[in-house]
Amino acid sequence: MNEEFSALRKDAVTTPARFAAGLLRQKSPGLLLIDEMLARQILYDILQDTDKGSIFARFGISPGKVSDLFMLFQEIRAYQNENAFFSQEKNPKIAELQRLYFQYQSILSQNNFIDGPSLFGRAAAIQPDKNLCLFVYGVRSPYPDLQIFFQNLKRNVASFTYYHPYTENRKIFTDRGEWLSDSPVPILPDTHYSAFLQLFSGEKSGNRSSMKVFIREFRSPKEEVESIAQEIIRLVDEGLAYSEIAIGTPDLSSVTSLINNVFPQFGLPFTSSATIPLSSSPVIQAFVQLLEIPSRGYRREDLVEAYSSPYLGLLNANSPVTPITVDKIAREAFIIDGLSSWTTSLPQLTTRLRDLFSSPETPEYRRKEIEREIQQIEMVSAITQPILQHLKSLEPSGTLQKHINSVRALFSSLKINPSKIAGTVQEGEDLRQFSTLLCEMEKNSSLYRGREIEYPDFVKILKGELQKRRTQRHRTGQGIRVIGIRELQDQKFPILFLMDLTNERLPYVPGHLPYLTDSEEMVLNPDMKRMNLRDERFYFISALCASTRGLYVTCTNAPEKDGLIPSPFFREIQQNIPTLEWIPSPPEASTRFRQAYAGKCLGGRTLPNPSILPEIADPIRLADLLSRINIEYFHRTGEYDSPFDGVLCEDVEICACLDGRFGDERIYSVSVLEKYASCPFSFYLNHVLGLEALPDVEITLSPADKGTLIHHILAQFYAQWIHERGTPPLAEDRDRALQQLRLITEKELADFGKDGPAWDALKSDLLGMGGYHKGILERFLDVEIARAQSRLCPAFFECSFGFEGVGNSISPEPVTIHVKGEEGASFKIRGFIDRVDVSDDGTFTISDYKAGNHPKLSEIMSGKSLQLPLYLRSFEILTGKKAAAGAYYKIHRKEVSHQAELYDPAHPQVIEVFSARSRMGDTCFDEVIEQSIRSAWTSIQSIRCGLFHPPKDPCESSAYCDFRKICRFSKFRVLELGESEGGDD
């Protein structure tokens, strides 16, 4: 054997399975040994033809279910116990298993196939060459089928020698090889006695060797690995080579992942024999994710992810379209999934935008935005439609070969060359394995055509095979060996760490065989559980014996935190082997430990130990570290008073820029000023830096879109009705008005081109359901009819001011509002008013439609809600009329009401028509408006000064804010500041 553990003469050193396969090829060339993948494909076809009421086909066929069935058949063949197992009476499940088993065996026989589970049984009937001299080593407690194969070899070859481990410890060794020979089996003398061999026997053993055994329990797996790393540093400093140190563990994959995170901090190289499923490789996941798009229903997020993949290269590097563009446009088109949604929703979105562009009510600045959006839609459509058509070509059912050909054609049409996209050696190896898998599937399909399968089933099969393929990640061949406990048999290392010996890892005793109960499994092999436990003990002792100079046995003991307690095997060592307590040193060699230590000392204003400080070659990094600590511990405490809280007023250049952007000529919308009043930091991100959140995608419409839809419907209705009739609808007009509302609503809904149960529910909310319940719009109409005799008459709907080129405009010029008591202070605003009702005495009211909750009077008075006061004053300036009230018209499926939130008690005949009113008490109507104007002016001045801090009120932070994930708002900081201010008082 060479260093890589491969045979120097491959024809002379082999495994029992390879020897049996070679014997089969030589003596029975008409039989073909098939791999597990083809065996599973045959089982998959059998299950597909099985009655759907069968317990094995119920709830669908999955690769996992097929693998379980193959594993069970493998065990049945290995124990050579089919007759006893299938003879269990009055058991329909066993009867069904028998039918499937013999159907599977029949297909194998018809095609002259031999599968892995049948290999030893078939090879045992073949006469080997008589002049062979065979030595068998490393096989312990073979299954009955392998025993029969060895017996046949022993009878028919010139020499057959069978070596296997044994000592007088019945808790581990029960097989003395009597099944191979009628005469007593000789036991070779133990030249390397180890006290470990008596573990689990009930006898307490002494450690007769000079090897030291250290034992330790830790509070967490991370602490365990860090302590091992620090100890390795000490051992290496004493002259030990990395290659002389090994780490053994029962859970190689998890421990390798943890070591990969910790050891680089210590500068320790390692090599691991751990493997991961090929399906876990990022480059393979990219290919599978692309192939899954049709079977997952062409979901928006799947297509965007495919465009985002650096491996697939679906977007040209110079393309103006990015994955974010695709996602944004798809969201605006309300695309969630479905191929038809991609093909119809984008043109429908274009149509809606063109209609909006052509509308006389659309301002010029919005038309320019619409032109850009339409261009983006056309580009997104141009790149998505060809790919969607290529993916659609995968959908037809077919044989395995047909599906593989379709996959190759897809890669070719999309110009995806797997051999040219690998960025690393590991990615190249993963892609090579992927290509090999497809070739093997093609080969199997040529051997066994099988039935046609649906495309989603093909993807499931492919994913299942990728899950079974293993790929290595940390096999460098150099450094500290990280190895599984079962691999330590017959290996030797001067220093060995056996770690992670917890109850969850060791012993590993598998549960029932698939589909079987305890009693059914006992028929197959009454000793199965005890045999598994003996195996675990054997490999554990073999691992203990792999150390020659020093052995460290460790585990995590954290029952309260992680539910981890020491394994019974750990306790066996602790109780029966003389051990030394290992007292680990702090992980001072870890860069992370040093950085945390330095940061803790600096943050706590204590002098650190220079020997533990991190080695920082670049002084800029140290300055950056100190700066970050100062930011967190000094600047982001107490009042908002530094640039790190968005307070930029001391930067002259920034303030000059802000004064230019938000100066006297700036025209503000009320919503922008409200955003600043609510959260200056959110205003800064959105309106200064220009950041935007992606549109929400709802099954029907988002709350904002639903509100906009209701606005349009009601504006159209009243504009048409007042134009035709001159007065609001009366009781006798109800049926006609309701019919008109329905026609407008149905047309607006049709423009979205959506359908389905959720969309039908939205229609029901708006229009009602026959005689079962009234819709929102019918209830709105009833409220309007109830106030029809009032002095107020609806006069303006979705009217604008400050926008040029808009049809329903009061004035194309913005309104200049002067701030009372501030000489020369004024600002310009523009906006859209949902509805204005005018009285015959020259007074008016403004109503704002709300599909959800609306602001209260307290929010108006505090300056957080500015819309009603500023719109009331603007309309006064534009028309010379006198404001009487500002109201919110709540239009929701739970409530339809018209509430005056801000009103002038001097006009009781006007305000009495509202279904509800706020409690203004002695509050002066005009003073509230003036106070709102001063609040808006204060916000504008603060914007120009660069004050963009988070909210100062602990209740103002919104869980629905678009920027909540990057906001540095802290309720605790605000509360502490409030307590401090209260104490000062």
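The values are calculated or read from the model by the stated rules, or taken from the named source; none is laboratory data. Worth saying up front: this structure is predicted, and the values here are computed from it rather than measured. All Cβ positions, even for glycine, are placed from backbone atoms using ideal geometry, and neighbour counts span all protein chains on display. Accessible surface is based on the protein model in full, side chains and every heavy atom, while ligands, DNA and RNA are left aside. Shrake-Rupley method; radii C 1.70, N 1.55, O 1.52, S 1.80 Å.
Structure notes:
- Look at the dipole of the chain built from charges on Cβ: of Q230, F844, C439, the Cα furthest out on the positive end belongs to C439.
- Residue by residue, the range 637-653 carries 3J(HN,Hα) couplings of 9, x, 5, 6, 8, 9, x, 6, 10, x, 9, 10, 5, 8, 8, 4, 5 Hz when phi is fed to the Karplus relation 6.51 cos²θ - 1.76 cosθ + 1.60 (θ = phi - 60°); x denotes Gly or Pro.
- Cα shape, the range 89-186, gyration tensor, a/c 1.5 rule: oblate
- For I247, the amide hydrogen comes within under 5 Å of the amide hydrogens of R481, V482, I483, F497, counting only partners 5 or more places away or on other chains and with H modelled in the peptide plane.
- Averaged over its residues, the range 16-180 has an accessible area of 48 Å² per residue, based on protein heavy atoms and a 1.4 Å probe.
- DSSP beta bridges in the chain [antiparallel fraction, %, rounded to 5]: 40
- Only aspartates and glutamates eight or more places from K492 in sequence, or on another chain, were considered; those with a Cα closer than 12 Å are E244.
- Long-range tail of P(r) for the chain (Cα pairs > 48 Å, %): 51
- Farthest toward positive dipole pole in the chain [+1 Lys/Arg, -1 Asp/Glu at C-beta], among L902, G663, F963: F963
- Of the solvent-accessible surface of the chain, computed with a 1.4 Å probe and all protein chains present, 51% belongs to carbon and sulfur.
- Placing +1 on the Cβ of every Lys and Arg and -1 on the Cβ of every Asp and Glu, with nothing else charged, gives the chain a dipole about its Cα centre of roughly 3480 debye.
- Scanning residues 5 or more positions from W582 or on other chains, those with amide H under 5 Å from its amide H are I215, with H placed 1.01 Å from N in the peptide plane.
- Here the contact order of the chain, divided by its residue count and restricted to Cα pairs under 8 Å and six or more residues apart, works out to 12 percent.
- Calculated from backbone phi, Karplus (6.51, -1.76, 1.60) coupling profile of the range 122-130 in Hz, x at Gly/Pro: 6, 5, 5, 8, 9, 7, x, 5, 6
- Estimated 222 nm signal from helices in the chain, with DSSP H stretches of n ≥ 4 weighted -39500 (n - 2.57), rounded to 500: -14500 deg cm²/dmol
- With a simple spin-label model that places each label point 7 Å from the Cα along the Cα-to-Cβ direction, the separation between E440 and L134 comes to 2.6 nm.
- Each residue of the range 569-580 was assigned a 3J(HN,Hα) from its phi angle through the Karplus expression (A = 6.51, B = -1.76, C = 1.60, θ = phi - 60°), giving 5, 4, 5, 4, 5, 4, 8, 10, 10, x, 10, 10 Hz with x at Gly and Pro.
- For the range 780-919, taking Cα atoms only, Rg and Dmax work out to 15.1, 48 Å respectively.
- The aspartates and glutamates within cross-link reach of K600, meaning a Cα-to-Cα straight distance under 15 Å and a gap of 8 or more places when in the same chain, are E588, E632.
- Inter-site label distance for K93 and E724 at 7 Å from Cα along Cβ, in nm: 7.0
- Of K675/K952; K402/K460; K328/K675, those spanning more than 20 Å from alpha-carbon to alpha-carbon: K328/K675
- Straight-distance candidates among the lysines for linking to K222, with alpha-carbon spacing under 19 Å and chain neighbours fewer than 8 residues away dropped: K561.
- Built amide H within the under 5 Å cut-off of A887, gap 5+: I846, S847, D848, E901
- Gained length - L32 relative to N81, 0.36 nm times residue gap less alpha-carbon distance: 15.2 nm
- Rg over Rh, two decimals, the range 873-976 (C-alpha only, Kirkwood Rh): 1.07
- Maximal additional length on extending the I631-L580 stretch stands at 13.6 nm, based on 0.36 nm per residue less the C-alpha distance.
- Given +1 at the Cβ of Lys and Arg, -1 at the Cβ of Asp and Glu and no other charges, the dipole of the range 279-472 around its Cα centre is 460 debye to the nearest 20.
- Spin-label model, A786/S519: points 7 Å from Cα along the beta carbon direction are separated by 7.0 nm.
- Annotation: T923 carries an accessible surface of approximately 40 Å², with a 1.4 Å probe and no ligand, DNA or RNA atoms counted.
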